[in-house]
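Nothing in this text is a laboratory measurement; each read-out follows from the coordinates by a stated rule. Computed from a prediction, not measured in an experiment: that's the story for all the values here. Ideal geometry is used to build each Cβ from the backbone, glycine not excepted, and the neighbour counts take in all protein chains shown.
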Amino acid sequence: MLEIKNLHVKLEEEDKAILKGVDLTVEAGTVHAIMGPNGSGKSTLSYVLSGRDGYQVTEGGATLEGQDLLAMEPEERAAAGLFLAFQYPVEIPGVGNMTFLRTSLNAQRKARGQDEISSADFLKLVREKAKALKIDAEMLKRGVNTGFSGGEKKRNEILQMAVLEPKMCILDETDSGLDVDAMKLVADGVNALRDQGRAFLVITHYQRLLNHIVPDVVHILAGGRIVKSGGADLALEVEENGYADILKEVA
Amino acid sequence: MMALAEQRKLDALDERLAALGRPPSGGCLGPAREAALARLRAMGLPGRRDEYWKFTRPDTLNAPEAQEAAVFVASETQLFGEIDRVKLVFVDGVFDAEASDDPVLGGVTIERLEEVATRDIHWAKDLYGVLEARGQDPVARPLAALNTAYARDGVAIHVTGKAEKPIALIYWHRNTRSDAVLHNVVRLDPGAELTLLENGPAAARFNKVLEVDVGAGAAFHHVRAQGRDHERRAATHIFARVDEGAVFKTFTLTANGVLTRNECVVEIVGDNAVAHVAGACVGDGDFHHDDTVFITHDALSCESRQVFKKVLRNGATGVFQGKILVKPGAQKTDGYQISQSLLLDGDSQFLAKPELEIYADDVACSHGSTSGAIDEDALFYLRARGVPRAEATDLLTLAFLAEAIEEIENPALRADIHGRLEGWLARRRKTG
């Protein structure tokens, strides 16, 4: 599904290398987790993959189902099936949440040569998905993320994911700012989407989210490189011993 | 030297007035026209050195002839087309009875100004040029005085009850050199209600005055859209007097036009009254749009709002001069003023001069003015969800204008204006 090869990335504005040769293959139907200490390059990886400005790829590349991801515009990556659940979802006052969802869905459908979804079908789809995430009609009526609490913003990210049905989902620290109940809601939302055709890359600082979204593979990202990979147990090891031991071990 | 400059100014005025041709003398509006002409002669035409015209060059508005303006053929359906209304049509500033509805509406008397002017006695003489004259202090508005002195036509609307439906003034532009001068007066009796709609480019050059007297407890709603003809020019004035417990709300949508100067002068004279003045404009290229607003609070516990939003690109210019004057004793005034521009490139500019002048000590007045580019974070967020850049930019543009459009109280009119903007943006996106 997602293949990252020897990816080197630096900040465009300054001569500072952030990713220094990331190799990662995420197969369809699997959940991979990336853990790592602050400043290891976790968020940079998610932004580079989704096409945010400000980063420069100096070496290596990334493909989504064989397509060169890095040559595409952000909207083309979305239409190709990539989705980033933002660590800090953006508030857009004046753009209604429903308008935003419908515009996004129809833009992607159009890019894929599909017809626009009818208003009735769209409403039905959103209501059903929103209900599972305990997002009420009031929230849907408001401007995108406008006045939402941290938890509401994260649930709204998962709602977008559920409506857009991407193939490759990247969750960037989706657990940050969530209480236990909200985390469970979010995890349930993610788990409901797990299937053979879809893959997840869950970026997190802490292990606790991975109790609810159990990964197939866990990677430790440190100093811009994946230094260790293992099963779900690896996350537990981090939780118990911190990153220091692992970093010492691979040094 | 000074005398020479003075003489030039007078010559320019004479030239300008000679090209206009005076309306017939006498009748109930005769004295108001004479007085306006005297005012105008004392003031002279607006000059580039006038502080009030610092950001907008009045030359083409002063010139004896209107500059040529091509007629824009719109493919879209008529604005307010779905709204049940009484239509009154002016073509290049001349009333077109054929294209208009019968001026019959419950709770309202509608008359042509040209006809009113021939009478000896008419209520309009107590309003025509009266609010305009009051509005000349403390800032001169020569083009409004010119209008009062020279306008031959327009409408006189007397609202005695709750108008059954809106009155729509439609201004068509057919002649590429037309120079139109129209003057409308509206009087709302205590407790009366009216929605007045205006749309269309009107002429190559348009000078229009609207005087509105809103009686105690009355409500006046005004929604206007200025035509899309790229080369048109307009100088418009609204003068309103708002009495106790009355509501006055005006909204203007402007797209295109090389030069538009919209002045709105509101005097709140009765307690607990409300006055809202709002505008949204979308300028592209050779576009200069000036909103000049002056709201005077001269009563207790009144609320005023000024909400202006401008989207500018390809070298367009936006101007906002807005003032709130709170007179001594106008306690508990709640005044709000916001003017913002969204600059879609580095060539466009926004010039703002917000002013507060307060002579009462128990008031709440706030104002803000900002100028900024598209929010890159919001743009990326939309694109990351699959919305292409141009469409995402339009979505954010509409969101930016939303606060001004929200000022339109009637949902159907609000939806019409919103839909119109959405359509314009979408069509421009397709045509590049």
Please report, largest first and rounded to whole Å, the three semi-axes of the ellipsoid equivalent to the protein assembly as shown, where each semi-axis is the square root of five times an eigenvalue of the C-alpha gyration tensor. 60, 25, 23
Where Rh is the Kirkwood radius over the Cα pairs of region B:1-73, the temperature 4 °C and the viscosity 1.567 mPa s, what D in µm²/s does Stokes-Einstein return? 90 µm²/s
Set the Förster radius R0 to 60 Å, insert the Cβ-Cβ distance between B:Ala3 and B:Ala97 as r into 1/(1 + (r/R0)^6), and round the FRET efficiency to 0.05. 0.75
Quick note on B:Cys302, B:Cys28, ordering by fewest other C-beta atoms within 10 Å, gives B:Cys28, B:Cys302
Net charge (Lys, Arg +1; Asp, Glu -1) of residues whose beta-carbon lies under 13 Å from that of A:Gly224, A:Gly224 excluded, is +3
DSSP loop chymotrypsin sites (Phe, Trp or Tyr not before Pro) in region B:324-400 with at most 12 other Cβ atoms within 10 Å of their Cβ, which ones? B:Tyr359
Partner shielding of A:157-167, as the mean number of partner chain Cβ atoms within 10 Å, equals 1
Under 22 Å from the Cα of B:Lys309 - lysines, other chains or at least 8 residues apart: B:Lys54, B:Lys249, B:Lys323, B:Lys353
Helix-derived [θ] at 222 nm for chain B: sum -39500 (n - 2.57) over DSSP H runs of at least 4, divide by residue count, nearest 500? -7000 deg cm²/dmol
Excluding residues fewer than 8 positions from B:Lys430 in its own chain, the aspartates and glutamates with Cα under 14 Å of it are B:Glu391, B:Asp394, B:Glu422
Rounded to the nearest whole Å³, what is the per residue volume of the convex hull around the Cα atoms of region B:2-374? 136 Å³
Cut-off 10 angstrom, C-alpha nodes, Gaussian network model of chain B. Which of B:Gly44, B:Gly30, B:Gly106 fluctuates the most? B:Gly106
Taking A:Lys10 as the anchor, which lysines have their alpha carbon closer than 30 Å to its alpha carbon, excluding any fewer than eight residues away along the same chain? A:Lys20, A:Lys42, A:Lys153, A:Lys154, A:Lys167, A:Lys228, A:Lys248
For region B:151-194, build the convex hull from the C-alpha positions and give me its volume per residue in Å³. 66 Å³
Sites removed, the longest contiguous part of chain A containing no DSSP-loop GluC sites (Glu not before Pro) with at most 15 other Cβ within 10 Å is A:117-251
For region B:24-170, the Cα gyration tensor yields equivalent-ellipsoid semi-axes (√(5λ), largest first, whole Å) of 29, 23, 15
From the Cα centre of region B:93-114 to that of region A:192-219, the distance in Å is 70 Å
Evaluate 2.2 N^0.38 Å with N set to the residue count of region A:32-117, then give the Cα radius of gyration divided by it. 1.25
Can you tell me the orientation of helix A:119-132 relative to chain A, as the angle in degrees between its alpha-carbon axis and the longest Cα principal axis, to the nearest 10? 50 degrees
In Å, descending, principal axis extents of the Cα set of region B:168-278: 45, 19, 16
If you line up the Cα atoms of region B:208-249 on their principal axes, what length do they span on each, largest first, in Å? 41, 15, 7
To make sure I understand, if each residue's beta carbon is the centre and we count other beta carbons within 10 Å, what order do A:Asp175, B:Asp243 fall in, fewest to most? B:Asp243, A:Asp175
Tell me which GluC sites (Glu not before Pro) from region B:152-205 have a DSSP coil assignment and no more than 14 other beta carbons within 10 Å of their own. B:Glu164
Given a 10 angstrom Cα cut-off, can you work out which residue in B:Leu382, B:Leu398, B:Leu351 is the most mobile in a GNM of chain B? B:Leu382
Spin-label pair B:Glu51/B:Glu115, simplified geometry with 7 Å Cα→Cβ offset, distance in nm: 4.6 nm
Pick from B:Arg152, B:Arg22, B:Arg33 the residue whose mean-square fluctuation is largest in a GNM of chain B, springs joining Cα atoms under 10 Å. B:Arg22
Here the averaged projected area of region A:164-249, based on the convex hull of its alpha-carbon atoms and given in nm², is 6.2 nm²
How long are the three semi-axes of the equivalent ellipsoid of chain A, in whole Å, if each is the root of 5 times an eigenvalue of the C-alpha gyration tensor, listed from largest down? 30, 21, 17
Within 10 Å of the Cβ of an average residue in B:387-394, the count of other chain Cβ atoms is 4
If we count other beta carbons within 10 Å of each Cβ, what is the order of A:Ser46, A:Ser176, A:Ser40, fewest first? A:Ser176, A:Ser46, A:Ser40
So what is the calculated 222 nm ellipticity per residue for chain A, using -39500 (n - 2.57) for each DSSP H run with n of 4 or more, over all residues, to the nearest 500 deg cm²/dmol? -12500 deg cm²/dmol
